[in-house]
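Remarks on the structure that follows.
The values are calculated or read from the model by the stated rules, or taken from the named source; none is laboratory data. Fair warning: this is a prediction, and the values are worked out from it, not measured in the lab. Note: ideal-geometry Cβ built from the backbone for every residue, glycine included; neighbour counts use all protein chains shown.
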Amino acid sequence: MPLDLAQLRADTPGCEHVLHFNNAGAGLMPQPVLDTLHGHLVRESLMGGYEAHHAADADYKDTYQAIADLIGARPEEIALEENATRAWDQVFYGMSFQPGDRVITANSVYASDYLAMLQQQQRLGIEIDVIGNDEHGQVDVDALEAAISSRTRLVCLTHVPTNGGLINPAEEVGLIAKRHNVPYLLDACQSVGQVEVNVDRIGCDFLSATGRKYLRGPRGTGFLYVRTAALDLIEPPFLDLHAAQIPGRNPYRLADGAARFENWEGYVAGKLALGSAIRYLQELGPDLVFERPQCGKSP
């Protein structure tokens, strides 16, 4: 069945007030997501934050499963973060860079990502290889492969840039990274929820994404995917009692899976609402949702 646009608009309270064209900034939340968000805040007000979290444990865990189902991962490969940039930072600042190490990126790199690269260039002496575009405006995959050297430590690609309709060839870049055994970090902030994203087909080792854009979740939510085989390539840039344990005075022991990149205190209501947003998308049929913005149909 095609998407029922009348029902979708009825599910979205904001449609009664605005013509919203800023989904690339933050999408309008549908009513089920608002209900989840509001319901948990009420629960917190009645029983306390920790007790409310415990009461919602099953739904909280389902957020991990929902994300994993959406991108073709496993729940233990998902860390919940406050936004896509912090998720991306967990990987980039967790790399053990040495002076002279090289990072490959593209012209369309997100500004916050590039600022992090510039900072580590100043701090640690890494080098940044910015790959130009091909005749279609996408990253030139041949030039990218030619830039890989024995000093290349990471490939960083922005899947869908913030401005414009470009979709970079993430799968082709994944094949190149795998061929050269170079870790691959994909910024999927603008693509998850808008186009199909499958981490196995793409071949990325790490992926960062937000909840507020095309997933139509609340602000202050995001997630990080870390492939199990790549888990030990990075050290979390900071730790707390959720991310690690102290079995004795020394040493500490990192949490299993991607949970080592989380921290204990966070926006529980928002994370529950993120799970609700993804389940809403899945009930609609992701293929239908992903097809619509690419086929030129009017809203």
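Some points to look at:
- Every condition in (1) under 30 Å from ARG102 (Cβ atoms); (2) at pLDDT below 95; (3) crowded, with 22+ Cβ neighbours inside 10 Å; (4) not small (Gly, Ala, Ser) holds for ASN163 except the one numbered (3).
- Residue in segment 93-110 that is part of a helix (DSSP H, G or I), under 25 Å from LEU281 (Cβ atoms), of a type outside the set (A, V, I, L, M) and in contact (Cβ under 8 Å) with a residue 60 or more places away in the chain present: no
- Cβ pairs under 8 Å, 6+ apart, first in segment 285-299 and over 17 Å from ALA66 (Cβ atoms) and modelled with pLDDT under 85, second assigned to a helix (DSSP H, G or I) and not basic (Lys, Arg): PRO299/LEU5
- Flag if LEU186 is surrounded by fewer than 17 Cβ atoms within 10 Å (Cβ to Cβ) and either aliphatic (A, V, I, L, M) or free of Cβ contacts under 8 Å to residues at least 12 places away in the same chain (or both): no
- Identity of the residue in segment 212-250, among the hydrophobic types (A, V, I, L, M, F, W, C), touching a helix residue (DSSP H, G or I) at 6+ places or on another chain (Cβ under 8 Å) and part of a loop (DSSP other than H, G, I, E, B), that ends up farthest from GLU81 (Cα to Cα): ILE234
- Taking segment 1-89 as the region of interest, the helices (runs of 4 or more DSSP H) fully inside it that hold 3 or more residues being at pLDDT below 95 and either farther than 22 Å from THR228 by Cβ or in contact with a Phe, Trp or Tyr (Cβ under 9 Å, 6 or more places away or on another chain) (or both) are 5-10.
- Residues of segment 256-271 that are in a loop (DSSP other than H, G, I, E, B) and either out of contact with any Phe, Trp or Tyr (no Cβ under 9 Å at 6 or more places or on another chain) or exposed (fewer than 14 other Cβ atoms within 10 Å of the Cβ) (or both): ASP256, GLU262, TRP264, GLU265, GLY266, TYR267.
- Among the residues of segment 223-256, the one identified as at pLDDT 95 or above and of a type in the set (S, T, N, Q) is THR228.
- The set of residues from segment 16-52 being exposed (fewer than 15 other Cβ atoms within 10 Å of the Cβ) and within 26 Å of GLY165 (Cβ to Cβ) comprises VAL18, LEU19, HIS20, PHE21, ASN22, GLY25.
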